[in-house]
Amino acid sequence: MHSESSTERIPGRAWTVRLHGHSDRSATVTCSTEACRMPPRSKDLTALRTFAAQHAAAHAKAATIRPNAWCHCGSQRCGAHPEAKAHCAGAVVMILRHDPTVRRVWSVEEVCETCAPLIPNATALARAARPARTTERPAAKTTQVPAPARPGVAGGFSSAAPPTTDDAAPLRSTRRAPQRPRRQRSGQGR
């Protein structure tokens, strides 16, 4: 049995749903996943188009984004955005590509944050969860003071639970940048 570590990179997945037209004005829907059941050939293009869009959405909903996946776009040499060259980087994003002009192909892909905004007609559906921080910390010699309770958020919404000591934000430096002296305009006195 093959076990997959969270640091081992794996290929980004892609599912493609296509609407194929035929000479008798009928069409069929195909999916890149052979196990998927497709409706029979039909002349009702609106129903087939609706089915194809829903089928692509079902793949996106059923898929769990893998944070250690390689960018699918990058594995295709970034052919989805040839005018905008970029180096793949960032977290994994699940996108849906569908050109509203052509209206025949729906693609659901795991791509990187860098490629996602460069791909035309793509909508980001979800982002991979950030890796959890380890809860093990070296023992501190000083005692920790609990953080004050969070006040309600403007707009009538209350905040989530107050942070625990593991979720506490890191301390910020209180050092300010030096301010530039203001110039006096000519003709103005102090």
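Bear in mind that the values in this text are calculations on the coordinates, not laboratory data. Since this is a predicted model, take the numbers as computed values, not measurements. A quick note on method: Cβ atoms are made from the backbone with ideal geometry, for glycine too, and the neighbour counts reach across all protein chains shown.
Here are the numbers for this structure:
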{"quantity": "Quarter of the Cα convex hull surface for segment 4-133, i.e. its orientation-mean projected area (nm²)", "calculated": "9.1"}
{"quantity": "Residues SER32 and ALA129, FRET efficiency given R0 of 25 Å [Cβ-Cβ distance, rounded to 0.05]", "calculated": "0.45"}
{"quantity": "Potential lengthening between ARG104 and LEU45 on full extension [0.36 nm per residue; Cα-Cα distance subtracted]", "calculated": "20.2 nm"}
{"quantity": "Dipole magnitude of segment 1-94 about its Cα centre (Cβ charges: Lys, Arg +1; Asp, Glu -1), debye to nearest 20", "calculated": "200"}
{"quantity": "Stretchable slack from ARG77 to HIS22, in nm (0.36 nm times residue separation minus alpha-carbon distance)", "calculated": "16.6 nm"}
{"quantity": "Cα pair distances in segment 8-50, grouped into 5 Å bins until the bin that holds the longest one, percent each", "calculated": "5, 20, 27, 18, 12, 7, 5, 4, 2, 1"}
